[in-house]
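Participant: I am attaching a structure below and will ask some questions about it afterwards.
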Amino acid sequence: MTNYSNSIVKPKVWQVIGTTIANNATSAEALVQAGLDFEVVKRPNIHALPSGNNIISDNSFYTFRTDTEAILGDKVGKDYQVVQNLDAFEFFDSIVGNSGGIRYETAGALGFGETIFITAKLPDYIKVGRNDLIDQYLFLTSTHDGGGCITIAFTPVRIWCSNTLNTALRNCSNAIKIRHTASAAEKLKGAHTMLGISNQLSTELEVIFNRWSRIKITDPQVKRLIQLAMIPNRETYEKLKSGKDEALSSHYNNIVSGVFDYCMTADSQQESTTKGTLFGAYNAVTGYYQNVRNYRNDDSKFKSIMYGTGNERAQTAFNLCADFAKNGNNALIFN
């Protein structure tokens, strides 16, 4: 077993990539501070033919930054509408300005600027037990490469270990997604409803996490929950269901062992709210992606935790924990 008792808690994933925003900054000022005050333009692709003629495409486009002329997306559809960074961020100003205590924290970009983001920290906490606090954020990301949406998400982060608990409930999504179409700017004006969604989620998650912190779970049950949460494909699922553990890939087994070892030994897992509890089992998965797993680079870690594999595994773990809280060990048995 790997011992993570002396492991370092790594900074929040967006802090590594982004720039810390000065207090009381507007979204426009945050853009300047983070180097995101650039314009994006969409142009049709030009196809050079062997004859020497050039054909301007009617349905294939590219986007680029006007300051550096870096290409951000070269396969952009005709219906894709550029939403400038200023317009994407501006809706936050009404929330920050009219809601006491909310402030911008970090803003930044991935790659050449094809993905941009900003975080706004809410003033209150989700409190688990007596002193296990979870910060609350609104997280906005937008893309300029023709893929993805403008997304505004409620994103809690456990202070003790920087785990991103980016969770949707079954009765309430944690995010609003807006496609890059002609109506995007208008829809952004109504995105202040995200604050109300955040308040609802905060209240519900505090109840859920506190309940989980009082539900005991055995080590073998934790191991099985982790196995189920980390299933990468149908083939692995069928092997687990059939009890053919010896046929599981070494890569999968190593990941499961890494999560389990983190659960058993990490300092953040020894708190009264986490040690031997269902809340601890959930944090084992989120903590693995935040503080243990190695990534190709910081951009890859950001993508995984915020909307990629890390986020998907954390959501699966959350759903499994919710089922375990309701049905006990039956939640860990294949039907």
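The values are calculated or read from the model by the stated rules, or taken from the named source; none is laboratory data. None of the values given here were measured: they were computed from a predicted structure. Cβ sites come from the backbone with ideal geometry, for glycine too, and all protein chains shown count toward neighbours.
Participant: Looking at (1) surrounded by fewer than 13 Cβ atoms within 10 Å (Cβ to Cβ); (2) outside the structural domain of SER198 (by TED's automatic domain parsing), which is the only condition PRO44 fails?
Facilitator: It fails just one condition, (1).
Participant: With respect to THR277, is the statement that it is touching a Lys or Arg at 6+ places or on another chain (Cβ under 7 Å), among the hydroxyl-bearing types (Ser, Thr, Tyr) and surrounded by 20 or more Cβ atoms within 10 Å (Cβ to Cβ) true?
Facilitator: Numbers: touching a Lys or Arg at 6+ places or on another chain (Cβ under 7 Å): yes; among the hydroxyl-bearing types (Ser, Thr, Tyr): yes; surrounded by 20 or more Cβ atoms within 10 Å (Cβ to Cβ): yes.
Spelling it out, THR277 is indeed touching a Lys or Arg at 6+ places or on another chain (Cβ under 7 Å), among the hydroxyl-bearing types (Ser, Thr, Tyr) and surrounded by 20 or more Cβ atoms within 10 Å (Cβ to Cβ).
Participant: Can you name every residue in segment 180-201 that is assigned to a helix (DSSP H, G or I) and buried (at least 18 other Cβ atoms within 10 Å of the Cβ)? I'd like the intermediate steps shown before the answer.
Facilitator: Looking only at segment 180-201, we keep the residues that are assigned to a helix (DSSP H, G or I), and these are 184-189, 193-201.
If the condition is that a residue be assigned to a helix (DSSP H, G or I) and buried (at least 18 other Cβ atoms within 10 Å of the Cβ), then ALA184, LEU188, MET194, LEU195, ILE197, SER198, LEU201 are the ones that fit.
Participant: Would you point out the residue of segment 130-169, among those that are among the aromatic types (Phe, Trp, Tyr) and within 27 Å of ASP37 (Cβ to Cβ), that is surrounded by the fewest Cβ atoms within 10 Å (Cβ to Cβ)?
Facilitator: Step one: list which residues in segment 130-169 are among the aromatic types (Phe, Trp, Tyr), which gives 137, 139, 154, 160.
This time we only want the ones that are within 27 Å of ASP37 (Cβ to Cβ), so: 137, 139, 154.
Numbers: TYR137: 22, PHE139: 24, PHE154: 26.
Taking the candidates together, the pick is TYR137.
Participant: To continue, here is another question. So, of the residues in segment 281-305 that are of a type in the set (Gly, Ala, Ser) and in contact (Cβ under 8 Å) with a residue 60 or more places away in the chain, which turns out to be nearest to ASN319 (Cα to Cα)? Lay out the reasoning, then the answer.
Facilitator: First, the residues of segment 281-305 that are of a type in the set (Gly, Ala, Ser): 281, 284, 287, 300, 304.
Imposing the further condition that a residue be in contact (Cβ under 8 Å) with a residue 60 or more places away in the chain reduces the set to 281, 284, 287.
On the way: ALA281: 12, ALA284: 14, GLY287: 17 Å.
Looking at the filtered set, the residue picked out is ALA281.
Participant: Suppose we filter TYR282, TYR288, TYR252 for residues that are aromatic (Phe, Trp, Tyr), farther than 19 Å from LEU332 by Cα and surrounded by 17 or more Cβ atoms within 10 Å (Cβ to Cβ); which single one remains?
Facilitator: Step by step, each of TYR282, TYR288, TYR252 is checked, and only TYR288 is aromatic (Phe, Trp, Tyr), farther than 19 Å from LEU332 by Cα and surrounded by 17 or more Cβ atoms within 10 Å (Cβ to Cβ).
Participant: Related question: Please determine whether any residue of segment 107-118 is among the hydroxyl-bearing types (Ser, Thr, Tyr) and either within 19 Å of ARG65 (Cα to Cα) or in contact with a helix residue (DSSP H, G or I) (Cβ under 7 Å, 6 or more places away or on another chain) (or both). Break it down stepwise before answering.
Facilitator: Step one: list which residues in segment 107-118 are among the hydroxyl-bearing types (Ser, Thr, Tyr), which gives 115.
When the remaining residues are screened for being either within 19 Å of ARG65 (Cα to Cα) or in contact with a helix residue (DSSP H, G or I) (Cβ under 7 Å, 6 or more places away or on another chain) (or both), the result is 115.
Among the residues of segment 107-118, at least one is among the hydroxyl-bearing types (Ser, Thr, Tyr) and either within 19 Å of ARG65 (Cα to Cα) or in contact with a helix residue (DSSP H, G or I) (Cβ under 7 Å, 6 or more places away or on another chain) (or both), which makes the answer yes.
Participant: All but one of (1) in contact with a Gly (Cβ under 9 Å, 6 or more places away or on another chain); (2) in the same structural domain as ASN166 (by TED's automatic domain parsing) hold for GLU29; state the number of the condition that does not hold.
Facilitator: Condition not satisfied by GLU29: (1).
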